[in-house]
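Here is the structure we will look at, set down as structure tokens.
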Amino acid sequence: MKAKILQRIRLRHRLFLAFFIVIGLSQALVLTYAAFSSVNDIDNPAQLVSRRYAIEFAPVFSFSYRANEDWGQAELLIDEMMKNSSREMLNDNDESFFEVINMPQPFRINRIILLDASGEIVVDSQRDPASAEALFPNAVPLLDEDGSQIGSLIIGSGFNADFILEIQQGSRQAFIGISLWATVISIILSLILSYRLSQPLRKLRQAAATLADSGEVEELPITRYDEIGELTAIFNEMSGRIQHQRHLRQQMVADIAHELRTPLSVMKIELSSLVDGLQDPANVTVSLQQEIDTLEKLIGDLNLLALADAQELKLDLREIDAADFLTQATRQWEQPAHQHGMTINLILPHNHEILIQGDERRLYQVLSNLVNNAFKYAADNPKLEISLVEVNDKTIQFRVRDFGSGIPPEDIPYLFDRFYRVKGNQVLEAGGSGLGLAISKRLVDLHGGRIWCESKLGEGSQFVVELSQGQNRNENNLTA
């Protein structure tokens, strides 16, 4: 039950909860430190203050030494200072030698140590030589009128317990006040941050739901360049592809219906005329056979694409001599080329044997589609060039180039889409189902290669099939 409840918590609420836990732990640590910090931490600054007072009391001890030419009065002076009556030890005539020290009431002198010029203890208010050495680093030198050192003064001081308690209470109250304000501000910032972080994800969720329901969604704006921005860009690309595929699928259904309707209509008309006795049975039989062949080819192409999409199309991969393969294929295209009034110029490398791994029957199908398209759409120019190019020691290319009117640039990105046909009278007259290039691309993909078109209006088109040499192929392509 608890797991289900946690699953229903929105992301922004989870983010806020995470922020709140971090804030709570941080404030708990601050308050714990404020509650249990050592009193010695407050006494540490007193050591600096005591050294400052030692520096201010130093002239008093120097004056006493000069007046008595020894430290004879030092013990009395220290006793008076320990009683906090240092102002009474001077008479009216001596006030010019001493600036009265304004000591704060909470500040107290705990210990006074006087050292002679050799560093020996002359007077120690606590009379504990063993612990005095630890205070030697805080000693302030006492100087004579000529600047020579006559001794050192150490004042150990601190604050009284009441003052320390007041500081502690004040510090804790300050910590608590600051913590409360910090908590309030942090909660507000957490709400803002959690909302801002989750807002793009909410838009993505809404867009995904819209895409799932209707299949149409507007492109989301990219307003940030972090992981969420990358996710938005990927979603836009994905939704664009889905909508494009949806459009192609709808177009494909319409095209299939059209392609089937045309031969069926012809067959229906022929059969009706045969029944009515308007045509000779022999002529009708020939016409019906042609339409049946058209339907059979269309169904075969669709079946091949379906097998490829379902990854059930098997390739019979073998080692092929690319030059020999292309030579034999070209011989089979020479007669159709002659019928279309075209000549084929075959260009092969002559330096060494080029071996590739492929299904010879499927590769012939790919190149036949390209060559037949050239027969149909470039018949206004009699020249057709077929070549084998070794790009490097790992890659080869089959190129089919015509010198016809070319393909408009806006049509090139869609040439390999199913049922796509370039608009134009020549294309419409040539006929075709628009599946040839789609099949060619799918077969080349299964071989682990690439196929693309290069075309310029008025200069012709070139289709390039790029494959790997030798064993450079994807083993997964044995069965697509």
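Read-outs: derived from the displayed coordinates by stated rules, not from any lab. Note that the coordinates shown come from a computational prediction; the quantities given were computed from them, not determined experimentally. We place every Cβ from the backbone using ideal geometry, glycine too, and count neighbours over all the protein chains shown.
Loop-located GluC sites (Glu not before Pro) in region 196-236 (DSSP state other than H, G, I, E, B) with a sparse environment of at most 12 neighbouring Cβ atoms within 10 Å: 216, 218. Taking all Cα-Cα distances within region 173-287, those exceeding 22 Å account for 65%.
For region 439-445, backbone phi angles converted through the Karplus equation (6.51, -1.76, 1.60; θ = phi - 60°) give residue-by-residue couplings of 5, 4, 5, 5, 5, 5, 4 Hz, Gly and Pro being listed as x.
Is there a pair in 314/441; 376/441; 297/441; 383/441; 383/456; 314/394 whose C-alpha atoms are over 21 Å apart, and which pairs would that be? It would help to have the intermediate numbers written out before the result.
Details: 314/441 16 Å; 376/441 19 Å; 297/441 18 Å; 383/441 24 Å; 383/456 16 Å; 314/394 24 Å.
Flagged as over cut-off: 383/441; 314/394.
Distance from the Cα centroid of region 442-458 to that of region 228-307 is 23 Å (rounded to whole angstrom).
Kirkwood Rh over alpha-carbon pairs of region 200-358, then Stokes-Einstein at 4 °C and 1.567 mPa s: what D in µm² s⁻¹, rounded to an integer? For these conditions, the coefficient is 59 µm²/s. Count Lys and Arg as plus one, Asp and Glu as minus one, and take only other residues whose Cβ is under 15 Å from that of residue 403; the net charge is then 0. Computed over the Cα atoms of region 256-314, the ratio of the radius of gyration to the Kirkwood radius (Rg/Rh) comes to 1.18. Phi angles of region 174-183 translate, via the Karplus equation with coefficients 6.51, -1.76, 1.60 and θ = phi - 60°, into HN-Hα couplings of 5, 4, 5, x, 4, 5, 5, 5, 4, 5 Hz per residue; Gly and Pro are given as x.
Taking region 211-257, which trypsin sites (Lys or Arg not before Pro) meet the DSSP loop condition and have no more than 16 other C-beta atoms within 10 Å? Here the trypsin sites (Lys or Arg not before Pro) that fit, given the DSSP loop and packing criteria, are 224.
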